[in-house]
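Comments concern the structure below.
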Amino acid sequence: MQKLVPLLFTFLLFSNFGYSQKKISGKELTITGTIIDEETKQPLEYATVSFFSQAENKIVEGGITNEKGEFSIPISKGVYDISIEYISYNTIKLPNQELSTDLDLGAIALAINMEALDAVEVIAETTTVQIKLDKKIYNIGKDLTAAGGTVSDALNNVPSVSVDVEGAISLRGNENVRILINGKTSTMAGFGDSNISAQLPAEAIERVEVITSPSARYDAEGTAGILNIILSQKETLGFNGSVTLTAGNPDYAGISSNLNYRTEKFNLFSNLGFRYFNAPRIKNTDTHYFDKIENGQIEAPEFENINEDQDVTRLNRNYNASLGMEYFLTDMTSLTGSIFYRYGEDADESQNYSKRYNSNILDEETLRKEKENEEGNSFQFALNYVTKFNDEGHELTADFQYENQDEEQFSDINENYIITNQSNPDPFQEEKINQTEKEKEYLIQADYVLPIGEDSRFEAGLRGNFQNEITDYTLRQEDLNTGDFFVNDTISNIFDYSENISAIYSQYGTKFGDFSFLLGLRLENTQLKGNIDSRLTDQELEDAFGFPIDLDFDNNYLGLFPTVNLIYNLAKTDDNKEESITFGYNRRINRPRGWYVNPFPTRSSRTDVFQGNPNIEPAFSSAFDLGYLKRWDKLTLTTSVYYQHETGSFERIQEETGFQTSDGIDIIRTIPINLSSNDRAGAEIGVLFNPYKWLRINSTFNYFHFKKDGEFNGVDYGTSDNSWFGRFSSKVTLPAEIDWQTNMNYRGPNANAQTTTEGVFSMDLAFSKEFGDHVTVSLNVRDVFNSRKYISLTETDSFERESESQWRQRQVNLSLLYRFNQKKQSHEKSRNNMDHGGDDDFEG
């Protein structure tokens, strides 16, 4: 442990580190030697040398070579099988070596294993799929279109997953998906689960687990299922890592590094990153207001038509750093600790031109300017303890995690007339908004696994997740008489919201020949507690917002969540051919986040606001999934049909508030509500095809039907519709070993009771070239045709609105990746399988 502090400095300075094995007290002799490349005669740093004791029937000593290829390992007298290994090289074994005195093995030459090298290369570059009882595991290959991108970019290539133009992630078309990082909720995903942080680089992902039928081990949150993102953690002995530099247009610059140092006793890993971008966002809405009937009289609106054209320039700077260490207390016990820190600065400038028409004649035009500055800090500390009682899977794991997030926003809003027919219009008040969000979260979890015989397993565990979020909102408005600013204490408020979940679970799984099942039951209590500190009384809030509001609520929801997962292997051979059928059933919950509950509206627009609903309750769903997998030598086919019934499902509706702006314009709000039910049925098919070494194809298609029933404020919001989405990806190796990747996505049109959304097509292109074993240069173009736009039509009894928005325009990035002390093909697995994937013994 005395070397730990120097190693930390080594990591931060990106310097190489030579390893030497010191003689350990109690050992009787020393074995030395040098490992070299057979062809080049160059020394091989970090080659491993291990000693297998025939008397103890296990590996008892080992070490790695330094920068000169040398090793010096102390050992006791005895008879050993000596093994010399290096990635992508043939292993040399020296059996039955009787060691009684110091021994110099001299220069040992290793030859490259070309067959293994080719095999590893194919695995590394190709996204492969594994089917398990409760999930599909996609091992992310060398995805060129995500180079220099974020997690959201990488997820766009995972079957069943789609990311819309605003970054919201959905699974099989359902946005209520739970995002986990390494099996747990994480500050890396930011304040919102379905809009994952843009700070995390795509290169950090090792694999994505698509869990459409989660077992009882997992939190019951997420009616669509779970996406578990496993971050890469190399276990190659010695010091190794990579650095990625990215530049792009619109203005984009980024640097990220993954660094790792591993010995037989501990593994030290880190990720550092910085990202800068300055990119525009656009939105246009065209609203037509209808005549109203008031007291038997037809009342015309102040303006028949209002067009709002909003341009937002976003300047964003993000820094993130993580550092962790896995320490092996014994061969069967390890302790892993990690810290993650993120700091971000945003500076957005918005210009919203509002044009008001009567009889198609422009009567009035205003310009609303908003400057918003935001700073945010996120900190996470995590501890994981694993002890294995034997090699058959009997183990206990315990986790503790603490997160602290702070965000502070300051906005300055000013609006002025450009054109008006009013002779002496009242000026608009300038507004200044201060908003701070503070969030703390604690996680305590323990899981116990007990194998029963060779083919059965019992699991049990408990979990506590306690989260508190405080939003302090202050609105200051201009006094038009004096020019001073005063606090509007009818809108200023403090919203204190807690979500506390306590759960216990158990599950049992077994195999009968080719048939396996996993049955589980989870008991979970959800406490949603909130307090609104406002000058307004309950009645004043009801009058202002149009529905009763409880200023202080404490609601508890106790529920049982059963899970059933079955798999039957129709065929499985040694040549990687496989055929299986899976079935899954689970009950899930969808809990409202804080911004869905806070009743105080946004103010980025005077006429179009978003407002939370404190009366919204969790939604519950039951889901069934029947899947089929067929794997040939070069082709993998996955299909499934599914059905989900959800009660109290969330729906965002638009309606008039009954209030008007100071210049007589009706204010429209978007508000989340509970519908009575939502039924969804669908089918999907996925194909992974590698006909040639130079060609790889990945395609998926998903079709679904949904039906919603329910009403709010006397309006029926029931509807039914069909939709679909498809994805095609191909990777071609061109001459000169240039890789060319094409991704195409189409999300079909869909509709609810009020809004019809057009289909969205987008295409990404990327080219990559390897230079030796250490350097990769990539050029990618995201959204080649600049077509990733959200276009919708909303129709109600009082207005009709057309909307078009684009969250991010076409992006061109150039990336350079440099690796040191690691092969570009190597994809290592974690030594202790510490990703909490679970159920590994029940594979299909």
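The values are calculated or read from the model by the stated rules, or taken from the named source; none is laboratory data. Remember, it's a predicted structure, so these values are computed and weren't measured experimentally. Glycine also receives a Cβ, built like all others from the backbone with ideal geometry; neighbour counts cover every protein chain displayed.
Annotation note: of ASP709, ASP679, the sole residue that is of a type in the set (Asp, Glu), within 29 Å of GLY594 (Cβ to Cβ), in the same structural domain as ASN615 (by TED's automatic domain parsing) and more than 27 Å from the chain's Cα centre (by Cα) is ASP709. When the residues of the stretch 71-81 are filtered to those that are in a strand (DSSP E or B), in contact (Cβ under 8 Å) with a residue 40 or more places away in the chain and not polar (S, T, N, Q), the one that is surrounded by the fewest Cβ atoms within 10 Å (Cβ to Cβ) is PRO74.
When the residues of the stretch 251-302 are filtered to those that are in contact (Cβ under 8 Å) with a residue 24 or more places away in the chain and among the acidic types (Asp, Glu), which remaining residue is farthest from TYR353 (Cα to Cα)?
Filtering first and then ranking leaves GLU264.
Give me the residue from the stretch 762-776 that is free of Cβ contacts under 8 Å to residues at least 40 places away in the same chain and loosely packed, with under 15 Cβ neighbours inside 10 Å and, out of that set, nearest to the chain's Cα centre (by Cα). The qualifying residue nearest to the chain's Cα centre (by Cα) is LYS769. When you look at GLU345, is it in a strand (DSSP E or B), under 30 Å from THR387 (Cβ atoms), among the charged types (D, E, K, R) and assigned by TED's automatic domain parsing to the domain that holds GLU375, yes or no? In short, no. The lone criterion from (1) of a type in the set (S, T, N, Q); (2) farther than 15 Å from SER215 by Cβ; (3) out of contact with any Leu (no Cβ under 6 Å at 6 or more places or on another chain) left unmet by SER516 is number (2). Of all the numbered requirements in (1) touching a strand residue (DSSP E or B) at 6+ places or on another chain (Cβ under 8 Å); (2) within 30 Å of VAL597 (Cβ to Cβ), GLY714 misses one, and that requirement is (1).
Does the stretch 554-573 contain any residue that is of a type in the set (Asp, Glu), in the same structural domain as ASN613 (by TED's automatic domain parsing), surrounded by fewer than 17 Cβ atoms within 10 Å (Cβ to Cβ) and within 19 Å of ASN674 (Cβ to Cβ)? Within the stretch 554-573, one or more residues are of a type in the set (Asp, Glu), in the same structural domain as ASN613 (by TED's automatic domain parsing), surrounded by fewer than 17 Cβ atoms within 10 Å (Cβ to Cβ) and within 19 Å of ASN674 (Cβ to Cβ). Here LYS731 qualifies as part of a strand (DSSP E or B), crowded, with 20+ Cβ neighbours inside 10 Å and either without any contact (Cβ under 8 Å) to a residue 24 or more places away in the chain or of a type in the set (D, E, K, R) (or both).
From LEU528, LEU536, LEU541, which residue is in a loop (DSSP other than H, G, I, E, B) and surrounded by 16 or more Cβ atoms within 10 Å (Cβ to Cβ)?
Of LEU528, LEU536, LEU541, the one residue that is in a loop (DSSP other than H, G, I, E, B) and surrounded by 16 or more Cβ atoms within 10 Å (Cβ to Cβ) is LEU536.
Annotation note: of ASP554, ASP625, the sole residue that is touching a Gly at 6+ places or on another chain (Cβ under 6 Å), over 30 Å from PRO301 (Cα atoms) and assigned to a strand (DSSP E or B) is ASP625. Evaluated against (1) free of Cβ contacts under 8 Å to residues at least 60 places away in the same chain; (2) surrounded by 16 or more Cβ atoms within 10 Å (Cβ to Cβ), THR755 falls short on exactly one condition, (1).
With respect to the conditions (1) in a strand (DSSP E or B); (2) at pLDDT below 85; (3) over 24 Å from GLN310 (Cα atoms); (4) not β-branched (Val, Ile, Thr), GLY248 lacks only one, and its number is (2). Looking across the stretch 492-525 at every residue that is closer than 30 Å to VAL597 by Cβ and of a type in the set (S, T, N, Q), the one that is farthest from the chain's Cα centre (by Cα) is identified as SER492.
Whether any residue in the stretch 654-664 is polar (S, T, N, Q), outside any strand (DSSP E or B) and within 28 Å of the chain's Cα centre (by Cα) is what I want to check. The answer is no; no qualifying residue exists.
Can you tell me which residue is nearest to ASP455 (Cα to Cα) among those in the stretch 368-421 that are of a type in the set (Ser, Thr, Tyr) and either crowded, with 18+ Cβ neighbours inside 10 Å or not assigned by TED's automatic domain parsing to the domain that holds THR661 (or both)?
Ranking the candidates gives THR397 first.
Report whether or not GLU439 is among the acidic types (Asp, Glu), assigned to a strand (DSSP E or B), in the same structural domain as SER502 (by TED's automatic domain parsing) and farther than 17 Å from SER492 by Cα.
yes
Tell me, which residue of the stretch 486-514 that is modelled with pLDDT of 90 or more and among the aromatic types (Phe, Trp, Tyr) is nearest to GLN527 (Cα to Cα)? That would be TYR497.
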